[in-house]
Structure formats: structure tokens, C-alpha cells
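Here is the structure we will look at, set down as C-alpha cells.
Rule-based calculations on the coordinates, nothing more; no lab input. No experiment lies behind these values; they were computed from the predicted model shown. Cβ coordinates were reconstructed from backbone atoms using ideal geometry, including for glycine residues, and neighbour counts include every protein chain displayed.
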Amino acid sequence: MITLKGITGDNPAGYDALVAASKLYEEQFGVKVAWQKRSLANYGEQSFPALASQFDLLIIDYTQLGIASEKKCLLPLDDLLSYEALQQLEQQSAGPGFLSYYYQQKQWALPVEATVQCAASRRDLLGELAIPETWEEVFELMEVLKKQQLHIGMALCPNDCLCTFLSLTAQFGSSVRENNYLLTTKEVGIQALELLRTMRDNFHPLNLDWNPVKLYEHMAMHDDVAYSPLSFGYANYSREGFSKNKLHFHNAPWMKNVVLGGEGLAVSAWGSQAKESATFAAWLCSAPVQQSIYINANGQPGNIIAWKDAAANALTNNFFNNTIDTLTYAYVRPRYSGWPAFQQWLGEALHLYLKEDHNPETVMNQLQERYAASSVNTL
């Protein structure tokens, strides 16, 4: 029997869906896919080529494509799958997921999971209050909630600081793009920094400690956060019985130009079964698999047919229908080889700015200088 080795992050839901689908693939096609988990914090530039040398299949983030291309550690799927197969998967992509893995005229991965920064709420706490559609309405809601001793929550740990900063600069009209001369215009950058500081001062006091999971765990277990405007959506928190209180998810304020997340499935350049690995990847990302066993095993699909599926939305309290517009118009981060290291530094710098209340103009100058250094070899 052919055995493929796969490596993924330590997200339990994503791992469980991969394992369940792989078991079905083995039953149907006689090919085993054995998955291992690794902390997402270790998916850095140093470890990525090393992982490719040990595994046939890799779950990756699209921001790693510059490193993958430079190090030649992944195989372009254009060389392993037919044009027709790739075209069908592109047409079935949820939002820009498929295109986010297209880099330097090559398709490096297939979108197995899709997510985007979006809003979340406890409808039982909000009552008849409307879900905000603009940032102005977010702060109007904040004032109403304060009178009820309720909070707005945000995930503002370093990784989520940077994603919110990127979303805000994109929404304010100066998005961070690969090969930009500047990270963003100074005016827009300072506007985003000041809004982050306003969030810190007025939203829940634990915001700086939260990633999306910690935020949603708090919202589900406690009764003091009624709404969150912008954090990566996790459909499991809208499933019946997953947590103490079920969350509702919604489009983000202003809806467009917020950061795309998700995961892609790539084929190692050094694996022993490249063709079989690519065949499995295409099967896993296909509509029949994504809208059945993958989502039934708590997965969050990357296929638009699964996102629009009535059964999938019934399972998730309409998570997919309620956030699909934000996903459709999501913003794709840069992917050049220097971006992952800069991105990590950017998140830490923004978090420090919020913790120590540094001058926004001084911080913006530092961000511009560091960005220019990170991209100098790609311009």
C-alpha cells in the first residue's frame, strides 16, 4: 500500500477533518495518508524547507510562497494536475483562496480551508441591537453596550494586531501590497494606528492577550463580551454543543478588504509520491468531499460549493452564508520571501506600540524603514 506522510498545524478541528477524509480516501483508493501535527508557531522560514524534506504533503499559509519558490521545496501543481482539474478548483474557490496560492505564474497549493477576519456576536446579549455595518456604527454600539456593562472584544495579540492593521490600511485606501515603495501612506498608517489605540482604550481590557480562539472561548464561556468586529472566523463556535454559548458570525464592518486567512495543501518537491500526493490534494479540495465528510468532521472548507451548502450552514448556524461576502472581497497579504519575517516583526512592533503607548508617527517611520529593508531584494 502507498503511504503518504502529511504535516499540519495543531488546530484540532483542521486535524480531525484531515484524518477523517484521509481514512475515506484509503478505503476508496487504497492509499494511506498519515498526518502529524506541528505547532503553527514553528512554521517559519527556517523549518519550512526542512519539513518539505520529511513529508509528502504540507498544510501551508499562502504568505510562505515566496520562501517555497526561492527554496524550491514545493512542486508546482501545474506540472502534476490537469488544466481542467485546476480550472474546476479555481471556479469552486471560496473567495480568493485559490488565487492566493498562485505565485510567480505557478499554482503552489490548493485551498483546503478558508477563513477571513469577520465579526462575531452573542445574540442573546445583544438582543435587538443591530449588527454594525461600519466602523462608525461599531463605536456607537460600544457606547450603548457600556451602559449595559457589556464590552466589545478584539483579538489583539501580536499576530492579530498585524492582521487588523493590514485590514484597516486596506479599508482606508492604502493597502500593503507586494512591491509597494512604502508599506502604506503615512496618513493612512497613522489613522490605522490611532484606531487600534482607540480599540485598546475602549474595548475589553484583555484584548491585548487574545488571539481569536481565546477571544471566542471568552465570549462563549462568559457573559461580558457581546460583539467582536474583526477576528478570524472559526465556524466551530457556531456549531450546536461545541461550547457553552453558541456564537453568531457576521460580515466585517465595511465588509471589503479584510485579511484572508485559511490553509493550503501543497506537495513537497522531495517526496517520493508526487503524482499521488497531488491527486489526493485535488480530491480533498473537491466539492463532494468538502461538503460531506470534511465539514462533518468539523472542518472549515475552502470550496465555495460547501460554503453555500444548506446542510453545512444548518450545522454552523449559517456561519458560511453570513460571512461569505467578506470572504469574497478579502485582501491577500504579500508573499515575497522576506514577508514572513517582516510580518512577525510587524506584529510584535504593533503590540509593543499598544502596550507602551508610543508615538504613532515615530512608530510609522519605523514600520516604513523595516518594510523597505525586508523587500529591497524583491523590488
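Per-structure values
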| item | result |
| --- | --- |
| Long-range HN-HN contacts of Ile152 with modeled amide H, under 5 Å | His204 |
| For the range 137-235, alpha-carbon Rg and Dmax in angstrom | 14.4, 47 |
| Long-range HN-HN contacts of Tyr103 with modeled amide H, under 5 Å | Trp108 |
| Label-point separation in nm, Leu24 to Thr185, each point 7 Å along Cα→Cβ | 4.9 |
| Tail weight of P(r) past 25 Å, computed on alpha-carbon pairs of the chain, percent | 54 |
| C-alpha center-to-center spacing [the range 219-295, the range 300-379] in angstrom | 15 |
| log10 of Debye I(q)/I(0), alpha-carbon scatterers only, for the range 20-125 at 0.10, 0.19 Å⁻¹ | -0.37, -1.16 |
| Amide hydrogen neighbours beyond the local backbone of Ser93, cut-off 5 Å, H modeled | Ile304 |
| Most fluctuating residue given options Ser337, Ser82, Ser69, as computed from a GNM of the chain linking Cα atoms under 10 Å | Ser82 |
| Karplus 3J(HN,Hα) series, Hz, for the range 195-203 with 6.51 cos²θ - 1.76 cosθ + 1.60 (x for Gly, Pro) | 5, 4, 5, 5, 4, 4, 6, 10, 8 |
| Phi-based couplings in Hz for the range 50-61 (Karplus 6.51, -1.76, 1.60; Gly and Pro marked x) | 5, 5, 4, 6, 10, 10, 8, 10, 10, 7, 10, 9 |
| Within the chain, percent of DSSP bridges classed antiparallel, to nearest 5 | 60 |
| Fraction in percent of alpha-carbon pairs per bin - 5 Å, the range 90-155 | 3, 13, 19, 15, 8, 8, 11, 11, 7, 4, 1 |
| Whole-Hz ³J(HN,Hα) from phi, Karplus 6.51 cos²θ - 1.76 cosθ + 1.60, for the range 4-9, glycine and proline x | 9, 9, x, 10, 9, x |
| Cα-based convex hull, the range 336-379, per residue volume (Å³, whole number) | 51 |
| Two-decimal Rg/Rh across the range 53-93, once Rg and the Kirkwood Rh are taken from alpha-carbon atoms | 1.01 |
